[in-house]
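Student: Supplied in structure tokens, the structure appears directly below.
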Ligand SMILES: N[C@@H](CCC(=O)N[C@@H](CS)C(=O)NCC(=O)O)C(=O)O
């Protein structure tokens, strides 16, 4: 606007007297430190998407954790959520519960089977790691693959009833467990596809083809201080 535009408007204050506008500040978003392929991070991002909350996503490189993440959560695992008020949530299930307590339009919280999730996070994850990373653990991969498959057979029996683990539709229980079954399946996809577990294959196939899965799996460049903010979901 030209400077003399209000030259005849005696009632107006001069530009020097006008109150200066408040500086624009970006609304503070929760910060989610994440790693794309990590099953724990996938379940946390899934709950964020399901809740409709926006977060600032910071993709990390495992074993090269950013100092800002370690300052918030020294244990050095992802996912880590840092809330605008400074609170830190650094367990994936707790992040899921926080997101869904904020908003749960898909009613995921109606299906919370804590025992099934504990079996996944305990025994199944134990065998998955010793199958997938047998060299690292010095283990017999086939022994652990068989033990994990026995757990999947239990899931298949449950899934045969409704196609989901805790009721008639997808809930927190399905989404908390699916990323780990995906990782197991990917370890040797050809062998996995021969398993006589039809309800499990169908359940995993629906998940991998879902808009939810597409929404949580975009690739992001690793975050570093000063990098442009990445809003998630994109
Ligand atoms: N109990 C944690 C486990 C998270 C976890 O172990 N994440 C892995 C990546 S999938 C990690 O950060 N590992 C790095 C490390 O253990 O040093 C949770 O539920 O969030």
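The values are calculated or read from the model by the stated rules, or taken from the named source; none is laboratory data. Note that the coordinates shown come from a computational prediction; the quantities given were computed from them, not determined experimentally. Please note: Cβ atoms are built from the backbone with ideal geometry, for glycine as well, and neighbour counts cover all protein chains shown.
For every residue, the table says whether it meets (1) over 16 Å from the mean Cα position of the chain (by Cα); (2) more than 12 Å from the ligand (Cβ to nearest atom); (3) over 30 Å from residue 76 (Cβ atoms).
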residue: 92; (1), (2), (3): no, no, no
residue: 103; (1), (2), (3): no, yes, no
residue: 128; (1), (2), (3): yes, no, no
residue: 142; (1), (2), (3): yes, yes, yes
residue: 154; (1), (2), (3): yes, yes, yes
residue: 160; (1), (2), (3): yes, yes, yes
residue: 167; (1), (2), (3): yes, yes, yes
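Student: Can you confirm whether the stretch 110-122 contains a residue that is closer than 19 Å to residue 38 by Cβ and either touching a residue at least 60 places away in the same chain (Cβ under 8 Å) or touching a strand residue (DSSP E or B) at 6+ places or on another chain (Cβ under 9 Å) (or both)?
Tutor: Scanning the stretch 110-122, I find at least one residue that is closer than 19 Å to residue 38 by Cβ and either touching a residue at least 60 places away in the same chain (Cβ under 8 Å) or touching a strand residue (DSSP E or B) at 6+ places or on another chain (Cβ under 9 Å) (or both), so the answer is yes.
Student: Within the stretch 117-126, identify whether any single residue is more than 17 Å from residue 43 (Cβ to Cβ), away from the ligand (no atom under 16 Å from the Cβ) and modelled with pLDDT of 95 or more, and answer yes or no.
Tutor: Checked the stretch 117-126: no residue is more than 17 Å from residue 43 (Cβ to Cβ), away from the ligand (no atom under 16 Å from the Cβ) and modelled with pLDDT of 95 or more.
Student: What residue, of 149, 162, is under 19 Å from residue 204 (Cβ atoms) and without any contact (Cβ under 8 Å) to a residue 24 or more places away in the chain?
Tutor: 162
Student: Now, a different point. Please determine, by comparing only the residues of the stretch 46-64 that are in contact with a strand residue (DSSP E or B) (Cβ under 8 Å, 6 or more places away or on another chain) and assigned to a loop (DSSP other than H, G, I, E, B), which one is nearest to the ligand (Cβ to nearest atom).
Tutor: 60
Student: Filter the stretch 196-209 down to residues that are in contact (Cβ under 8 Å) with a residue 40 or more places away in the chain and touching a helix residue (DSSP H, G or I) at 6+ places or on another chain (Cβ under 7 Å) and give me whichever is surrounded by the fewest Cβ atoms within 10 Å (Cβ to Cβ).
Tutor: Filtering first and then ranking leaves 199.
Student: What's the total number of residues in the stretch 65-87 that are surrounded by 15 or more Cβ atoms within 10 Å (Cβ to Cβ), more than 15 Å from the chain's Cα centre (by Cα) and within 12 Å of the ligand (Cβ to nearest atom)?
Tutor: Summing the residues that are surrounded by 15 or more Cβ atoms within 10 Å (Cβ to Cβ), more than 15 Å from the chain's Cα centre (by Cα) and within 12 Å of the ligand (Cβ to nearest atom) in the stretch 65-87 gives 3.
Student: What is the number of the single condition among (1) crowded, with 16+ Cβ neighbours inside 10 Å; (2) at pLDDT below 95 that residue 51 does not meet?
Tutor: Every listed condition holds for residue 51 apart from (2).
Student: While we're here: Can you tell me which of (1) out of contact with any helix residue (DSSP H, G or I) (no Cβ under 7 Å at 6 or more places or on another chain); (2) in a helix (DSSP H, G or I); (3) free of Cβ contacts under 8 Å to residues at least 12 places away in the same chain is the one residue 192 doesn't meet?
Tutor: So the condition that residue 192 fails would be (1).
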